[in-house]
1. At 222 nm, what helix-only mean residue ellipticity would the chain give, in deg cm²/dmol to the nearest 500, using -39500 (n - 2.57) for each DSSP H run of four or more?
2. Under a GNM of the chain (C-alpha, springs under 10 Å), which listed residue has the highest mean-square fluctuation: Gln42, Gln71, Gln13?
3. Could you pull out the pairs from Lys16/Lys70; Lys18/Lys67; Lys16/Lys109; Lys79/Lys107; Lys16/Lys60 whose alpha carbons sit more than 19 Å apart here?
4. Once amide H atoms are built 1.01 Å from N in the peptide plane, which residues 5 or more positions from Thr121, or in another chain, come under 5 Å H to H?
5. Quick check: net charge around Thr99, other residues with Cβ under 15 Å of its Cβ, Lys/Arg +1 and Asp/Glu -1?
6. I'd like the orientation of helix 59-70 relative to the chain: the angle between its Cα long axis and the longest Cα principal axis, in ° from 0 to 90, rounded to 10.
7. Distance in nm between label sites at His102 and Thr89, each 7 Å beyond Cα in the beta-carbon direction?
Amino acid sequence: MREIVTIKKGKKQQSKEKVFPGYILVRMNLDNDSWLVVRTTQGITGFVGAGTKPTAISEKEVDAIMKFVKQEQPKFKAKFSLDEAVKITDGPFSDFIGTISHIDEDKGKVTVLVSIFGRETPVELDFLQVNKL
């Protein structure tokens, strides 16, 4: 499993995703006893490999799989600057125009000052929810 971040309806949601759904990697010394335990385990229907015994994968392949699972989410690069005018494209404030007061590159968020009822109100948005004017 690995953590992923998706944006739905203007909100970030964290969820878990199966990397190789339906597969289990097992480190074991393959002898008759260990093979019997694995083969007779309830829920196991087949094995990767030719013939009746599973095929071993190299340490290099295991390291590549583990590196893929543990890789971090991409960091956001700000294409905006402070006091820049932007248009909000998504969420409850879509089509509003405001100015950027704060940029958080680690989280991929900007704080935009939007004029609501004659008062400037700070609204925190994702980089994907605003466009330059």
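Taken together, the values in this text are just the output of simple stated rules run on the coordinates, not laboratory data. The shown structure was predicted, so the numbers you read here are calculated from the model rather than taken from an experiment. Reconstructed Cβ throughout: ideal geometry from the backbone, glycine too, with neighbour counts over all protein chains shown.
1. Numbers: 2 runs with 20 residues, N = 133.
Dividing the helical sum by the residues of the chain leaves -4500 deg cm²/dmol.
2. Among Gln42, Gln71, Gln13, the largest mean-square fluctuation in the Gaussian network model of the chain belongs to Gln42.
3. Numbers: Lys16/Lys70 12 Å; Lys18/Lys67 15 Å; Lys16/Lys109 22 Å; Lys79/Lys107 14 Å; Lys16/Lys60 25 Å.
From the list (Lys16/Lys70; Lys18/Lys67; Lys16/Lys109; Lys79/Lys107; Lys16/Lys60), the Cα-Cα distance tops 19 Å for Lys16/Lys109; Lys16/Lys60.
4. The list, which skips near neighbours in sequence, is Val114, Ser115, Ile116.
5. Numbers: positive: Lys87, Arg119, Lys132; negative: Asp83, Glu84, Glu120, Glu124.
Charge balance near Thr99 sits at -1.
6. The angle comes out near 30 degrees.
7. 2.4 nm
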